[in-house]
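Below is one structure, written out as structure tokens, with a few remarks after it.
The values are calculated or read from the model by the stated rules, or taken from the named source; none is laboratory data. Predicted model only: the values in this text are computed from it and were never measured. Cβ placement follows ideal geometry from the backbone for every residue including glycine, while neighbour counts extend to all protein chains displayed. Just so you know, the surface numbers come from the protein's heavy atoms only, side chains and all, with ligands and any DNA or RNA stripped out. Shrake-Rupley method; radii C 1.70, N 1.55, O 1.52, S 1.80 Å.
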Amino acid sequence: MSSFDDDPVPVAVIGAGNMGANHIRVYDELPGANLVEVVEPNTETAATIREEYDVRVHDSVSDIEQARAATIAVPNDLHLPVARQCITDLELDVLIEKPLANTVADAREIVDLATDYDAILQVGHIERYNPAVETLAEVLQQQDLIALEAHRLGPFNEHLADENVVLDLMIHDIDIVTTLSGDTVSALNAIGTTDRSDHCDHAIAQFSFENGPVATVTASQVTSGKIRTLSATTRDAYITLDYQEQSITLQRRGQETTTTVFDQAGYRTETITESPYVRTREPLKQELEHFLSCVRERRTPRTDGESGLEAVRLASEITDAIKNGV
């Protein structure tokens, strides 16, 4: 792979659907990127991209000529063949939207391809680049973690009928809780329902980690409101995080004092509430800036192939546990 100087990295986006369109927008805004090509076979979508951006739009991945790195934002079952073409035929560095693949075997093959061809491989676990999560990780370095609990809930849409909520939504928090714990999963169990589709659309998974912490992760595609929250219980505090607002609230106990209430002695416990400063910013911009810097500097991304593979492995175990009623 060739090295890069400080010039903008020429990039392509493969797939201009919902997430791909966001990548196109952000690459176009970032000074460190030069959006040169988009691959989108849908003629109406391709025409819209041509009108809005000064970029070449191709029907096929094989038509890519100028890019040196690419976002792969195609349907999950196409991640492996598209990644194989990008890495082996075109010698591109790649950012692959989550999940890395639908199966552990496909994810493993993508990781091995990137290793064999010395390609930068980043997985689009975007919440890792959420400023609130980055701040929480710093806070937890000074805490003795007991438990994590995540909720990622949203309403049902017909386009979700073919999506497994574990791979579509829960995988975000699988990656987050395993990363924040800094530990290895020693056991897990899960339950789920199939209420509105042929796949699991409401799931709850519980993790135990080797060094003691536990985690509970709930994901749903059938709730009325949209919720994206994470809480951490430590020996000294209870911390809540809102992914959407990029905010953190920390509660801890203050001094216990004896007081008199209605002529009787009692205890009063002071609760101290803090809100650590979070420098809010669009997570996708931080994610793509990180990818571009890794491409230039030839270094391993924060959300590398191995972490993406581990998230797929745990998601597969959770899906199997739900199917088997374990």
Dipole in debye (nearest 20) - the chain, about Cα centre, beta carbon charges: Lys, Arg +1; Asp, Glu -1: 960 debye
Helix axis angle, 171-181 relative to the chain longest principal axis, alpha carbon, degrees: 60 degrees
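Under a 1.4 Å probe, what is the accessible area of the chain per residue, stated in Å²? Write out the running numbers ahead of the final one.
On the way: 15760 Å² over 326 residues.
Per residue, the chain has an accessible area of 48 Å².
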Tilt relative to the chain, helix 18-29 - C-alpha long axis, 0 to 90 degrees, to 10: 80 degrees
Per-pair calculated FRET efficiency, R0 = 30 Å: residue 282 and residue 6 via Cβ, rounded to 0.05: 0.85
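Roughly how compact is the chain, stated as its Cα Rg over 2.2 N^0.38 Å to two decimals?
Output field value: 1.11.
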Solvent exposure ordering (accessible area, 1.4 Å, most first) of 103, 319: 103, 319
Counted charge near residue 98, where neighbours are those whose Cβ lies closer than 11 Å (Asp, Glu -1; Lys, Arg +1): -4
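About its Cα centre, how strong a charge dipole does the stretch 76-157 have in debye, to the nearest 20, once Lys and Arg get +1 and Asp and Glu get -1 at the Cβ?
So the magnitude is around 300 debye.
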Cβ charges +1 (Lys, Arg) and -1 (Asp, Glu), total dipole of the stretch 119-260, debye: 360 debye
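Relative contact order of the chain, please, whole-number percent, based on alpha carbon pairs below 8 angstrom and at least 6 residues apart.
The normalised contact order for the chain reaches 19 percent.
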At R0 = 25 Å, FRET efficiency that the Cβ-Cβ distance of residue 273 and residue 216 yields, to 0.05: 0.60
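How big, on average over all directions, is the shadow cast by the Cα convex hull of the stretch 46-115, in nm²?
Averaged projected area of the stretch 46-115's Cα convex hull equals 4.9 nm².
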Distance between modelled label sites at residue 18 and residue 226, nm, 7 Å Cα→Cβ extension: 0.9 nm
GluC sites (Glu not before Pro) within the stretch 170-256: DSSP coil, no more than 14 neighbouring Cβ in 10 Å: 210, 245
Cα gyration tensor of the stretch 117-228 - equivalent ellipsoid semi-axes, whole Å, descending: 26, 18, 14
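Rounded to the nearest 0.05, what FRET efficiency do residue 77 and residue 252 have when you use their Cβ-Cβ distance and R0 = 41 Å?
0.30
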Residue 242 versus residue 320: modelled label distance in nm, points set 7 Å from Cα along the beta carbon direction: 3.9 nm
Descending principal axes extents, the stretch 104-148, alpha-carbon based, whole Å: 39, 21, 15
Per-q log10 I(q)/I(0), the stretch 1-133, q = 0.09, 0.11, 0.22 Å⁻¹ (Debye; single scatterer per alpha-carbon; no solvent): -0.24, -0.36, -1.43
Carbon/sulfur fraction of accessible area - the stretch 1-66, other protein chains in place, 1.4 Å, %: 40 percent
